[in-house]
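*Asks:* One structure coming up, written as structure tokens, with questions to follow.
The values are calculated or read from the model by the stated rules, or taken from the named source; none is laboratory data. Keep in mind that this is a model prediction, so the values were computed, not measured. Here the Cβ positions follow ideal geometry from the backbone for every residue, glycine too, while neighbour counts run over all protein chains shown. Note: accessible area is taken over every heavy atom of the protein model, side chains too, but ligands, DNA and RNA are not part of it. Shrake-Rupley method; radii C 1.70, N 1.55, O 1.52, S 1.80 Å.
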Amino acid sequence: MIEHIGYALILVGLFFDFFGCLGIIRLPDVYNRLQASAKCITLGTCGILFGLFLIKGFTATGIKALLCLLFIILTAPVSAHALARGAYRSGVKPCPETVVDEYGEDIKNIK
Amino acid sequence: MILKIILSLLWFAIWMLLSWPPTITNALAGIAVAAFVTFMTSDMFDSGANPLRKPSRYLWFVWYAAVFLWECVKANLDVAYRVIHPDLPIRPGTVKIKTALKSDIGLTFLANSITLTPGTTTVDIDKERGLIYVHRMYIKDGLAISDRLPVVDRFEKILRKVFE
Amino acid sequence: MGRRMRWLLGLLAISAAVVLIFAAPLPSMLRWQSPLLARAFLWLVMSAGLCLWRVLRGPTAPDRAVAIDMLGILIVGLCALLSIPTGRDWYIDIGIAWALQSFIGIMALSKSMEGKDFDD
């Protein structure tokens, strides 16, 4: 029974991974792409790893999968944040659909 | 000192989990490695918060994890809907939001949970003025621009109980 | 109008790829115990291919950095998937090491995009 739940979680994770990759192709600028990647890829890969833990149980593989999940969920948002900041500071303009850009104005004022 | 002991226990636990079938050799090597790592890096974690003072914050942390998981699933469904839709319904923009959190670790957790909740990503944190710049995927027409996000309010309330 | 046309074209391409993944005979390299896991593996490889297209095409450097960040996390998922049918636990070790390296690399990359040194 618990193995089937694990396989179902792996399936859900695969679908979310695919949506993240679709997002990185369809969305218009870096910041929107970053949103798609940070959310979908993190939850998708965490789903795959947790499914692996449910399938393998408390063996070496399962425990390591759990540690890897913890690590990814802590670091993926941090790297997304750093990339967004680096992109803004390096002067990448937001796409023309953008409604309001308070961060860009504030950076200009500081400089 | 008590922080150092807790950190070394944490590193020891991670070592034992990484080398899972627990044997006596692994445990001896783990004690040496945990002591060395604590000696090298303990000044990086000197946040001043004593983790043993208030036990209720662990319960609040469990509640935070549950809320976070639910919001994360909602965020993924939101992104999937926007990506599949043929017209790409996005109106992106960056807004700034005031926050009342002060400690480093609290701000880090707040930024991470903003990144993984529906339609928002943290871009930058201005610690002196207590501002968080947030990139949003869809800004509604009627909304005032510097309006607060309900998600941020909720997470801030929980995180203040956990870390401060 | 152009956007609708491109959406249809993309839908056609992706459904062709999905049919290819689920109907084509497996290559002999991928004949594991469970054919379903091999299909899942191919599905992830297709997602990684979409990412690689962004790496090739991306107009600016941050676009490519975002795509490479995604690829790193996808590879962790691939390693986790590989360790089920083969039953070898060092695949997940590769995954952990890859996640660590990718995180450090992305942090260094974003610092250098910002135009700073690595000391802060």
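*Asks:* On the full set of protein chains, 1.4 Å probe, figure out the accessible area of C:Trp53 and give it in Å² to the nearest 10.
*Replies:* Estimated to the nearest 10 Å², C:Trp53 gives 110 Å².
*Asks:* How far apart, in nm, are the 7 Å Cα→Cβ label points at B:Ser103 and B:Leu77?
*Replies:* Inter-label distance under the simple model: 3.4 nm.
*Asks:* Cα-Cα over 22 Å: which of B:Lys4/B:Lys157; B:Lys127/B:Lys161; A:Lys64/B:Lys161?
*Replies:* As for pairs spanning more than 22 Å Cα to Cα, those are B:Lys4/B:Lys157; A:Lys64/B:Lys161.
*Asks:* Also, I was wondering about something else. Going by a ≥ b ≥ c, the root eigenvalues of the Cα gyration tensor, does the range B:56-163 fall in the rounded group (a/c under 1.5), the prolate group (a/b larger than b/c) or the oblate group?
*Replies:* Details: a/c = 2.45, a/b = 1.40, b/c = 1.75.
Because a/c hits 1.5 or more and a/b fails to exceed b/c, the range B:56-163 counts as oblate.
*Asks:* Between the range C:81-100 and the range A:42-91, what is the separation of their alpha carbon centroids in Å?
*Replies:* 14 Å
*Asks:* Convert each backbone phi in the range C:87-99 into a coupling constant with the Karplus relation 6.51 cos²θ - 1.76 cosθ + 1.60 (shift: θ = phi - 60°), then list the ³J(HN,Hα) values in order as whole Hz, x for Gly and Pro.
*Replies:* Karplus values, whole Hz, x for Gly and Pro: x, 9, 8, 7, 4, 6, 4, 4, x, 4, 5, 5, 4.
*Asks:* Now for a separate question. Ignoring ligands, DNA and RNA and using a 1.4 Å probe, state the total buried accessible area between B and A in Å², rounded to the nearest 100.
*Replies:* 3800 Å²
*Asks:* For the interface of chains A and C, what total accessible area is buried with a 1.4 Å probe, rounded to the nearest 100 Å²? Please list the in-between numbers first.
*Replies:* Working: alone 7930 and 8940 Å², together 13020 Å².
Interface between A and C: roughly 3900 Å².
*Asks:* Quick query: amide H of A:Asp101 versus all other amide H atoms, modeled in the peptide plane; which residues come in under 5 Å with a sequence gap of 5 or more or a different chain?
*Replies:* Counting only residues 5 or more places away or on other chains, the set is B:Thr94.
*Asks:* What residues of the range C:86-116 lie in the reach of a label at B:Leu18, counting those whose backbone N is under 17 Å from a point 7 Å from the Cα along Cα→Cβ?
*Replies:* Taking a point 7 Å out along Cα→Cβ of B:Leu18, the residues of the range C:86-116 whose backbone N falls under 17 Å are C:89-105.
*Asks:* Here's something else I'd like to know. Go ahead and run the numbers for FRET between B:Phe61 and A:Glu3, Cβ-Cβ distance against an R0 of 41 Å, rounding to 0.05. Mind showing how you got there, number by number?
*Replies:* Details: r = 30 Å, r/R0 = 0.73.
Between B:Phe61 and A:Glu3 the formula returns 0.85.
*Asks:* Give me the accessible area per residue for chain B, probe 1.4 Å, as a whole number in Å².
*Replies:* I get 57 Å² per residue for chain B.
*Asks:* Sticking with this one: If you split all Cα-Cα distances of the range C:2-114 into 10 Å bins from zero, what percentages do you get per bin, shortest first?
*Replies:* Percent of pairs per bin, in order: 12, 32, 33, 19, 3.
*Asks:* D for the protein assembly as shown, whole µm²/s, Stokes-Einstein with Kirkwood Rh over alpha-carbon pairs at 10 °C and 1.306 mPa s: what number?
*Replies:* My calculation gives 71 µm²/s for D.
*Asks:* Further question on the same structure: Too long at a 23 Å Cα-Cα cut-off: which of A:Lys108/C:Lys116; A:Lys108/B:Lys96; B:Lys102/B:Lys140?
*Replies:* B:Lys102/B:Lys140
*Asks:* Here's something else I'd like to know. Rg to Rh for chain A: what is it, with Cα atoms only and Rh by Kirkwood? If you can, show how the numbers build up before the last one.
*Replies:* Values: Rg = 18.0 Å, Rh = 15.8 Å.
Rg/Rh: 1.14.
*Asks:* Now a separate question. Report in % the part of the accessible area of the range A:9-111 that belongs to carbon and sulfur, leaving out ligands and nucleic acids; probe 1.4 Å.
*Replies:* Carbon and sulfur together cover 69 percent of it.
*Asks:* Still on this structure, please answer the following. Can you figure out the FRET efficiency of A:Glu97 with B:Ile31, using R₀ = 45 Å and their beta-carbon distance, to the nearest 0.05?
*Replies:* Given R0 = 45 Å and the Cβ-Cβ separation, E is 0.20.
*Asks:* Take every Cα pair under 8 Å in the range C:2-114 that's 6+ residues apart, average their separations, divide by the length, and report that relative contact order as a whole percent.
*Replies:* It comes to 20 percent, rounded to a whole number.
*Asks:* Round to the nearest 0.05 the FRET efficiency obtained for A:Leu74 and B:Asp43 when R0 = 22 Å and r is the Cβ-Cβ distance.
*Replies:* It comes to 0.60.
*Asks:* Counting only protein heavy atoms and using a 1.4 Å probe, what share of the accessible area of the range B:2-45 belongs to carbon plus sulfur, as a whole percent?
*Replies:* Working: 2600 of 3050 Å².
Result for the range B:2-45: 85 percent of the exposed heavy-atom area is carbon or sulfur.
*Asks:* Need one value: the accessible area of C:Thr86 in square angstrom, 1.4 angstrom probe, rounded to the nearest 10.
*Replies:* 50 Å²
*Asks:* With label points built 7 Å along Cα→Cβ from the Cα atoms of B:Met1 and C:Ala108, find their separation and express it in nm.
*Replies:* Calculated label separation equals 4.0 nm.
*Asks:* Not counting ligands, DNA or RNA, and with a 1.4 Å probe, what is C:Lys111's accessible surface area in Å² rounded to the nearest 10?
*Replies:* It works out to around 50 Å².
*Asks:* Next question, about the same structure. With an 8 Å cut-off on Cα pairs and a minimum separation of 6 or more residues, tell me the relative contact order of chain A in percent.
*Replies:* Reported relative contact order: 28 percent.
*Asks:* Under a 1.4 angstrom probe, counting protein chains only, how are A:Arg26, C:Arg6, C:Arg57 ranked by accessible area, largest first?
*Replies:* In descending accessible area the options line up as C:Arg6, C:Arg57, A:Arg26.
*Asks:* At q = 0.16, 0.23, 0.27, 0.29 Å⁻¹, what base-10 log of I(q)/I(0) does the Debye formula yield for the range A:45-104 when every alpha carbon is treated as an equal point scatterer in vacuo?
*Replies:* For the range A:45-104, the Cα-only Debye profile gives -0.63, -0.87, -1.03, -1.10.
*Asks:* Please check: in the Gaussian network model of chain B (C-alpha springs, under 10 Å), which one of B:Ser19, B:Ser103, B:Ser42 has the largest mean-square fluctuation.
*Replies:* Looking only at B:Ser19, B:Ser103, B:Ser42, the largest GNM fluctuation is found for B:Ser19.
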